[in-house]
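Visitor: Okay, handing you the structure first.
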Amino acid sequence: MIARGFRFKLEPLPEQEALFRQFAGVCRLVYNLGLEQKATWGRKHRLGYVAQAADLTRLRSEFEWVRAVYVSCQQQALRDLDRAFQNFFAGRASFPRPRKRGVDDSFRFPGREAAVKPMNAKWSAVRLPKIGWVKFRDTRPMRGVLKNVTVSNDALGWHIAFTCEIDHEATAPNPEAVGIDRGVATTLALSTGEMLTLPASLERIEAQKRQAQRVVARRKRGSNRRRRAQARVARLQARQARIRRDFHHRAALDIAKRFGVAVLEDLKTRGMTASAKGTVAEPGRNVRQKAGLNRVILNAGWHQFATILTYKVEERGGQVVSVPARFTSQTCAACGVVDARSRESQAVFTCISCGHSDHADTNAAINIKRRWNTPLLDVEGSHQRPVEASTGRDLTVSENPLPSGRGRC
Ligand SMILES: [Zn+2]
């Protein structure tokens, strides 16, 4: 069984929206009270979910406004809290922080307490306990068993996320493999030669966002005009995130439908080799300004893409593997010779040894695909000190991994 999320835009009536705010507010309070209580009890006397749920019952009997909000949502908040602490104690996460108004406006129902019905081609409705039927914009079919339903608010309004559990499909996995490179000139390059590019609207919104951020800087702290300017920045940011997420979903689905094995470069090795000049996972510190907006935007979302791709491929019985990223951009996909000089420009690769020429990102994607199963093939046969020409980041290689005089060209 695997979990899948489906997220849609809600269209609540004004009175429903008022209830949403009330639910979110009280659940946040229950979460924060529970957090305080757990923090006081400390590591030695861990306070579990059951004990806190009993306290919740007392709280509800004392305060009408706590009672006014559906109990399951409050219990879900305590479960979230319990999980956050388990992750903390296991060393997987930092100490849980209080939820903030305007940032963590959300609440959740167990799936069995909600129901969904279609209204017409574009709209469906979800029934939420104590709230009633709420319309949402139905953009894709859901499947599986509904496990839980989360209502949340961001700068673009209220959304609903359904988490469903679905079975692995029992079809024979597709043996076809594909290599995927985070291109420099393009967003995603496949070893088949295809290019998948982020929508151009993203860069336009980025420009608007920077402009809006400058406006914020000019406004007086604490003023209403500054708050309004900040809200505009948040809206633009949320819109960017949505466009990127849509792109990731579409690209991942397309790949998962056609290939059983997707080969990606390993972020960790790349981050390691590039640590002195800022990592790919954390762009901004020393990564060149000129590296390109598209690239910066993509890097920020690469992890998201890898996650989405993984569940879409695994759901179909396939697998996603990662391989060391070293030298993939300067290795010839035709003859295997590694040479920084082959990287003619950001977009063009022309092998100085055999003359093979291709789009630089396609060439890298083919190398990535090939590295699956044959990890050392591509680093043989070069006398050059390798430099990642694509990003301007030096690869710091402690020991020379390139045995000389073994060119295979
Ligand atoms: Zn070559």
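Visitor: As an exercise: evaluate Tyr31 against (1) modelled with pLDDT of 95 or more; (2) not in a helix (DSSP H, G or I) and give the number of the one condition it does not meet.
Guide: Exception for Tyr31: condition (2).
Visitor: Given the residues Pro110, Pro98, which is the only one that is surrounded by fewer than 20 Cβ atoms within 10 Å (Cβ to Cβ), over 21 Å from Leu13 (Cα atoms) and touching a Ser or Thr at 6+ places or on another chain (Cβ under 7 Å)?
Guide: Pro110
Visitor: Another question, then. Quick check: anything in region 60-68 loosely packed, with under 13 Cβ neighbours inside 10 Å and in contact with a helix residue (DSSP H, G or I) (Cβ under 8 Å, 6 or more places away or on another chain)? Before the answer, list the steps.
Guide: At the first step, the residues of region 60-68 found to be loosely packed, with under 13 Cβ neighbours inside 10 Å are 61-65.
Still in the running and in contact with a helix residue (DSSP H, G or I) (Cβ under 8 Å, 6 or more places away or on another chain): 61, 65.
Scanning region 60-68 turns up at least one residue that is loosely packed, with under 13 Cβ neighbours inside 10 Å and in contact with a helix residue (DSSP H, G or I) (Cβ under 8 Å, 6 or more places away or on another chain).
Visitor: Identify all residues within region 345-354 that are part of a loop (DSSP other than H, G, I, E, B) and either more than 18 Å from Gly193 (Cα to Cα) or free of Cβ contacts under 8 Å to residues at least 12 places away in the same chain (or both); write none if there are none.
Guide: Hits for region 345-354 are Ile352, Ser353, Cys354.
Visitor: Here's something else I'd like to know. Using the structure shown, decide if Ser345 is closer than 17 Å to Ala364 by Cα, within 16 Å of the ligand (Cβ to nearest atom) and hydroxyl-bearing (Ser, Thr, Tyr).
Guide: No, not satisfied.
Visitor: Still on this structure: Within region 5-12, is even one residue among the aliphatic types (A, V, I, L, M) and without any contact (Cβ under 8 Å) to a residue 60 or more places away in the chain?
Guide: First, the residues of region 5-12 that are among the aliphatic types (A, V, I, L, M): 10.
When the remaining residues are screened for being without any contact (Cβ under 8 Å) to a residue 60 or more places away in the chain, the result is none.
Scanning region 5-12, I find no residue that is among the aliphatic types (A, V, I, L, M) and without any contact (Cβ under 8 Å) to a residue 60 or more places away in the chain, so the answer is no.
Visitor: Being closer than 30 Å to Thr331 by Cα and in contact with a strand residue (DSSP E or B) (Cβ under 8 Å, 6 or more places away or on another chain) narrows it down to one of Leu190, Leu146, Leu156, so name that one.
Guide: After applying the criteria, what remains is Leu190.
Visitor: Moving on to the next point. Please pick out the residue among Arg79, Arg101, Arg7 that is outside the structural domain of Tyr311 (by TED's automatic domain parsing), assigned to a loop (DSSP other than H, G, I, E, B) and either at positive phi or under 31 Å from the mean Cα position of the chain (by Cα) (or both).
Guide: Exactly one residue qualifies, and that residue is Arg101.
Visitor: Take Val126 and tell me if it is on the phi < 0 side of the Ramachandran plot, surrounded by 16 or more Cβ atoms within 10 Å (Cβ to Cβ) and assigned by TED's automatic domain parsing to the domain that holds Val66.
Guide: yes
Visitor: Quick test of your reading of the structure: Pro141 fulfils all but one of (1) modelled with pLDDT under 90; (2) in a loop (DSSP other than H, G, I, E, B); (3) surrounded by 12 or more Cβ atoms within 10 Å (Cβ to Cβ). Name the failing condition by number.
Guide: (3)
The values are calculated or read from the model by the stated rules, or taken from the named source; none is laboratory data. Just so you know, these numbers come straight off a predicted model, no measurement behind them. Neighbour counts run over all protein chains shown; Cβ positions are idealised from the backbone, glycine included.
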